[in-house]
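To start, the structure under review is shown below, and the notes come after it.
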Amino acid sequence: MPDEQPVRLHCFAHSAEGVTAFDGWAASVGPGVEPVPVPLPGSARRRTASRPATSEALLADVLPRFTDPDPAPYVFYGHGLGALAAYTVARALHEEGLPGPALLAVGACPPPHAPSGLPDVRGVSDAELLRILSGNGSVPSTSDEGIFLRAVLPDLRADLELAQALREAAHRHSPAGPLTTPLLVVTAEDDLLPAADDGWSRWTVGPAWLRTVPGGPFPLRDQWLPRLLGRACRVTRRIVREFTPVG
């Protein structure tokens, strides 16, 4: 139907500063889908807010965006750190008995129980953290370590600290039982992250699917990922409509 409300695709980025990666998605997701970046507090778009370091701080800021029932189904996509954030918000909505996303999609992130391949930043110096991140390809090598440390490493450290906190929070007992949201796990053909596609299905009792897109571990600016997610949103809307009681 031409006047049907679009499916909102709420996009959680790989870092607090990464939401600009979704800026061009509207042209690729296809009809009936609206990409909506979710800027985290403390990012360039929200400098006056404190960056969250715990799951509680993240939820206090982000959860109110989703506590008013949306008349149309919506979808979460989380990339990297954003996958953990999207899962955390979906689980919180489930625990509060509120309508959550009709589909949770995650990419470029091992599930909470799997090794992340990254250090616990709470016990690592700046120099050691830079060495680890440069060694595993998480950040590009640089000829001027001092400038890099001053300009970039504090934000990286904050993102990693939040990721560690969200992984730990995922293991806490949920009084509402396991998440029931359908899950889509997206990987890239040349993704080198450990266990990025292995085991996410254990974090929901809903159906789970795995799909692969061309390219390397950071396909956010390619057309393949938004196209895939756009199709997933349209299929999700059709399924929700078919199973919604009338009357």
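In a reduced charge model with +1 at each Lys and Arg Cβ and -1 at each Asp and Glu Cβ, the chain shows a dipole moment near 400 debye about its Cα centre. Only protein atoms count toward the accessible area here, which uses a 1.4 Å probe; on the chain, the carbon and sulfur part of that area reaches 55 percent.
In the elastic network of the chain, a GNM with C-alpha springs shorter than 10 Å, the most mobile of Ala49, Ala114, Ala169 is Ala49.
The Cα-based radius of gyration and maximum Cα-Cα distance (Dmax) for the stretch 18-90 are 13.0, 37 Å. Relative to the dominant Cα principal axis of the chain, helix 153-170 is inclined by about 50°. Packing, taken as the mean count of other beta carbons within 10 Å per residue, orders the peptides 57-69, 154-166 from highest to lowest as 154-166, 57-69.
Each of Arg231 and Glu96 was given a label point 7 Å from its Cα along the Cα-to-Cβ line. The distance between the two points is 3.4 nm. When peptides 75-81, 91-97 are ranked by their average number of other Cβ atoms within 10 Å per residue, the highest-first order is 75-81, 91-97. Principal semi-axes of the equivalent ellipsoid, √(5λ) from the alpha carbon gyration tensor of the chain, are 30, 20, 17 Å from largest down.
The values are calculated or read from the model by the stated rules, or taken from the named source; none is laboratory data. All values derive from a computational prediction rather than experimental measurement. Counting neighbours? That spans all protein chains shown, and the Cβs are built from the backbone with ideal geometry, glycine included. The protein model used for the area step is the full one, side chains on, heavy atoms only, and it has no ligands, DNA or RNA in it. Shrake-Rupley method; radii C 1.70, N 1.55, O 1.52, S 1.80 Å.
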